[in-house]
1. Extension gain Trp151-His241, at 0.36 nm per residue separation less the Cα-Cα distance, in nm?
2. Could you tell me which residue out of Ser135, Leu191, Ser254 lies farthest along the dipole of the chain toward its positive end? Charges go on the beta carbon: Lys and Arg +1, Asp and Glu -1, centred on the Cα centre.
3. Could you tell me the accessible area of Thr142 in Å² (1.4 Å probe, neighbours in place), rounded to the nearest ten?
4. Run the simple label-point estimate for Asp258 and Val229 please: 7 Å along Cα→C-beta, distance reported in nm.
5. Can you give the helix-only mean residue ellipticity at 222 nm for the chain, where every DSSP H stretch with n ≥ 4 adds -39500 (n - 2.57) and the sum goes over all residues, rounded to the nearest 500 deg cm²/dmol?
6. Leaving ligands, DNA and RNA out of it, work out the accessible area of Tyr171 with a 1.4 Å probe and give it in Å² to the nearest 10.
7. Rounded to the nearest whole Å³, what is the per residue volume of the convex hull around the Cα atoms of the range 88-227?
8. Counting alpha carbon pairs within less than 8 Å and at least 6 residues apart, what relative contact order, in whole percent, applies to the chain?
Amino acid sequence: RNLDKAQQKEVVPLRSAVDTSTLPAPDLIVVMGPKGVGKSTLIRSLVKLYTGHNLVDILGPITVVAGDRKRYTFFECPMDLYSMADLAKVADLVIVMIDASYGFEMETFEFINLLQLHGMPKVVGVLTHLDAFRSVKTLQNTKKAIKHRFWTEIFKGAKLYDMMGTINRKYRKHEIKRLSLAISRIKYRPLVWRNAHPYLLVDRVEESNSTSADDHRDGLRDVTLFGFVRGTHLKSSMKVHLIGAGDFDIAEASALPDPVPTPKQQQLQLQQAGTT
């Protein structure tokens, strides 16, 4: 009981509202669901809402600017156990997509169990394929049964949103706006392990072949990883653990200009360039 009370009192350190030159890393939103449930369609719809651009293929994490101090990184969760375990450790918000015409699948229960093991981040649900129902009574009963089961797995009162159908490979605009409004209002829980360790979701990898004959024979490569550091500060003297590869020493760690600046950051950079 004392540990639970101490966890509830813990707060995430917030940056000063005056300092707009640097912002924390974007919130990581993981879109999870079985194959064919509409994960890619949801991400395309959200990106269209925030940026106005139409995506064709979704490859890796996608970061968008959602306001003066808000940025989101959307990641489509692959349906293998290793990826599910990795994303359960770093997700700030999980959007669980459920095919209403089929119901819950085993992958959804597995992923929820993994989330519980790693601290249980915020979770919202999205019901898709609701346009497959012809009877209003059947639709209402199905939604009621899925909501009851979802509340049993997450908590009573967990948010569940509806997606009635698609238009031009995207969900309807008013349904996506309602979901985006809920995302903007969510306050994330502080998780102990994340506040005590630096971790990084790699957005881009660059690998260069070694020119030395000895290095070439030994198979050595110089690998550069790019991404936002979350948690605490990452120092070059630390060891880094690459999932599935082992522990390595960091040759060099350097800060780069923000690749996804907000409008206020861009304005401040222009003012600083004008003064200099």
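1. Working: separation 90, 0.36 × 90 = 32.40 nm, distance 3.56 nm.
Using 0.36 nm per residue and subtracting the Cα-Cα distance, I get 28.8 nm.
2. Sorting the options by dipole projection puts first Ser135.
3. Near enough 30 Å² of accessible area.
4. For Asp258 paired with Val229, the spin-label model returns 1.7 nm.
5. Counting only the DSSP helices, I get -10500 deg cm²/dmol.
6. 20
7. Working: hull volume 26.4 nm³, N = 140.
Spelled out: Cα convex hull of the range 88-227, divided by residues, is 189 Å³.
8. 18
The values are calculated or read from the model by the stated rules, or taken from the named source; none is laboratory data. What you see is a predicted model, and the numbers here were worked out from it, not measured in a lab. All Cβ positions, glycine included, derive from the backbone under ideal geometry; neighbour counts span all protein chains shown. Each accessible area value is taken on the protein alone, full model and side chains, heavy atoms only, with ligands, DNA and RNA left out. Shrake-Rupley method; radii C 1.70, N 1.55, O 1.52, S 1.80 Å.
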